[in-house]
Structure formats: structure tokens, C-alpha cells
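Visitor: Below is the structure I would like to discuss, written out as C-alpha cells.
The values are calculated or read from the model by the stated rules, or taken from the named source; none is laboratory data. Model, not experiment: these values are computed from the prediction. Ideal geometry is used to build each Cβ from the backbone, glycine not excepted, and the neighbour counts take in all protein chains shown.
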Amino acid sequence: MLDKTKSRFTESQLKRYIDCSQQSNFEIRARCLSGAFIGARSKSRIIEITLALLRRARNYMGLDLEIDGLITKSIRMELNPEINIIGLRLAEFPDERLREIKIYLPVSVEIDILSLSIDGDPLPKPRRKILFLGDSITQGMECVSPVCIYPTVTAKILRADFINQGVGGYFFDPLILDQNLPFNPEIITVSYGVNDWNMNFSAQTIKKASSEYFEKLRRFYPDALIFAITPIWTNKETEQKSAGRIQDIRVIIEDVAISNGCTPINGLSLVPHDITYFADDFHPNEKGHLIYGANLARLLLEKSII
């Protein structure tokens, strides 16, 4: 859980994304609050929020309201480039009884919270902590609903506090890791590889970068359970790139993870091999993310004995 507009990243990490943003919008995507929600125990009868819409990785946004564990309202909207401030009334209750409220914030739009009508105490944070690392699939790009993206689903099932550090378009980059992140996870999942393959990196380049990445991650988090999720099914399974087929990348990642004391998870087992569950050739839609999150939670329980 992130409180209001706290960044998902350290200043050092954001600087790295800025430095790498000449040809891609890594910084904008990194400043989106994917996985963040506002949580409180409150007797407020009216829930209203005013958002400043800053830079946008997508021209649409979603916002979900959860009351006492149930999703009671979902906002879906196309964004008008001329409108930069929106006010939303999310709920109005007939009484002032204590409720647990969560507002899940947009995945692919940079926002600032200008006002919020909830009075009360923050929700207690779960003891278990998970750090999700990855690319656009982990960030939840192409999935409009923030509560449906797989890191949020997995964390809810496992009752875990979490940070989602997925950034659309990113790849294995050891320089993005920062041991000063103020978060001490007991579980870390890593889900890269699709962009490395799709950007025509050679097999040797991918192996070297992923080896350095997992070595550094293991050094920074010696006591964490680290899981390497190989690329999920894609509609491009038979396509050839410089490094071969996407299956060849799965083999590289699995071998590198094992050699660095990390546990591989077969991404092919997470989402059905059916375009029905995808928004495009690579990105799961909301149905796909829900299945991904549930399957990943089950595998983490099996492999972690947590």
C-alpha cells in the first residue's frame, strides 16, 4: 500500500528512468501510482476525491472503491486532454458507522490528490511484504481497473503489504535496483524478458543483463524469497527475434535465476493461452490479470510455505 501520492521509487531510481527516457516514456510510467491505494477506517458519510491529472501514459483511467472488502464502485473514463482536474463523488452513506475504505488509484496516469473527504485512521499495514518488479504487464498497462492488476490481486489474496515497481517498456537493468528503497520485502517477484526479446537484444545481451540483475538483487536482499516469473503466453510465440523465440528467453531467465539462488515460476502456467484474456498480443486484460494474480498467489503459497 502507498499513502496518497508517495512515489513507488526512490529518487535514484527515478533519475535512472529519466536518464533512459529519451526514446520511451519511462519516467511518466514510473510516476504513475500503479498498485497504490488510499486506505482508512472512517465514519465519513460522503467520499469525494479531486484529482489533478498530470502526464498520461494512456488516455484513459480507472479508479475503484472498496468498502468493507467489497468493490462498490468502479470509475472508467476516457480522458479529455483539455481537462486536467476532475472531482468525483464516490459514495454517500445514510449513517456514520465505521467502515474500511480503500480507493485504488489509476495505473497509467500521473496524478496529484488535491482533496479527499475521508476522515479517520489509516488502515493497519499487513506484516507480510511483497515487492513486484517488472515491465508493463506488472504495471498493469492496458488493464483499466487498478484493483484487477495481478500484483494487487496477489497481494490481496496473500494479505500482504506491497509495492508495485512495474514500468511499461522496461527490461533487465541492474542499474535500476536501489538497496535504499525503504521497504523490506520477504517476497520479491521479477517479471522481465518480453521487452528484452521484443527490442531485438541478443541472447548474450539478455543473459548478461539478467545475470547481473539477479546477482545484484540477491545481494541487496539476501534473506528474501526471490521468484523469477518467465514471460507469460503471448500471441507471438512462433515469431523469431535476434535471441530466438520467446521460449528461448524463458529458458535463459530460468537458468540465470537458478544460478543466482532464485526460484523460477513458469509464466506459461499463469494466464490461459487464449487471446480472449488479452488486450493485445502481450498484455492481459482485466480477466487475464485476475487469473494471473490468483494463480501467482497459489504458486507463491506452495513455493514459499508462507
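Visitor: For the range 107-132, what are the residues that are β-branched (V, I, T) and touching a Phe, Trp or Tyr at 6+ places or on another chain (Cβ under 7 Å)?
Guide: Let us first name the residues in the range 107-132 that are β-branched (V, I, T), namely 107, 109, 111, 113, 118, 130.
Scanning the range 107-132 gives a single hit, I130.
Visitor: Now a separate question. Within the range 118-144, track down each residue that is hydrophobic (A, V, I, L, M, F, W, C) and part of a strand (DSSP E or B).
Guide: I130, L131, F132, L133 - these are the residues of the range 118-144 that are hydrophobic (A, V, I, L, M, F, W, C) and part of a strand (DSSP E or B).
Visitor: Would you be able to tell me the number of residues in the range 199-211 that are surrounded by fewer than 21 Cβ atoms within 10 Å (Cβ to Cβ), among the aliphatic types (A, V, I, L, M) and touching a residue at least 40 places away in the same chain (Cβ under 8 Å)?
Guide: 1
Visitor: To continue, here is another question. Could you say whether any residue in the range 176-185 is of a type outside the set (S, T, N, Q), closer than 19 Å to L300 by Cβ and in the same structural domain as Q139 (by TED's automatic domain parsing)?
Guide: yes
Visitor: Under 6 Å between Cβ atoms, at least 6 apart or on separate chains: pull out the pairs that start in the range 154-167 with a residue that is of a type in the set (F, W, Y) and end on any residue that is crowded, with 20+ Cβ neighbours inside 10 Å and assigned to a strand (DSSP E or B).
Guide: Qualifying pairs under 6 Å: F162/I130.
Visitor: Every residue in the range 72-117 that is among the hydroxyl-bearing types (S, T, Y), touching a residue at least 24 places away in the same chain (Cβ under 8 Å) and within 30 Å of H283 (Cβ to Cβ), please.
Guide: Listed by number, the residues that qualify are S74, Y104, S108.
Visitor: Working only within the range 184-198, note down all residues that are surrounded by 15 or more Cβ atoms within 10 Å (Cβ to Cβ), of a type outside the set (D, E) and assigned to a loop (DSSP other than H, G, I, E, B).
Guide: Listed by number, the residues that qualify are P185, Y192, G193.
Visitor: Is there a residue being of a type outside the set (K, R) and either surrounded by fewer than 18 Cβ atoms within 10 Å (Cβ to Cβ) or under 17 Å from L63 (Cβ atoms) (or both) anywhere in the range 162-172?
Guide: In the first step, residues of the range 162-172 are kept if they are of a type outside the set (K, R); the result is 162-172.
Still in the running and either surrounded by fewer than 18 Cβ atoms within 10 Å (Cβ to Cβ) or under 17 Å from L63 (Cβ atoms) (or both): 164.
Within the range 162-172, one or more residues are of a type outside the set (K, R) and either surrounded by fewer than 18 Cβ atoms within 10 Å (Cβ to Cβ) or under 17 Å from L63 (Cβ atoms) (or both).
Visitor: Could you check P81 against (1) buried (at least 18 other Cβ atoms within 10 Å of the Cβ); (2) out of contact with any Lys or Arg (no Cβ under 6 Å at 6 or more places or on another chain); (3) not small (G, A, S) and say which number it fails?
Guide: Result: P81 passes all but (1).
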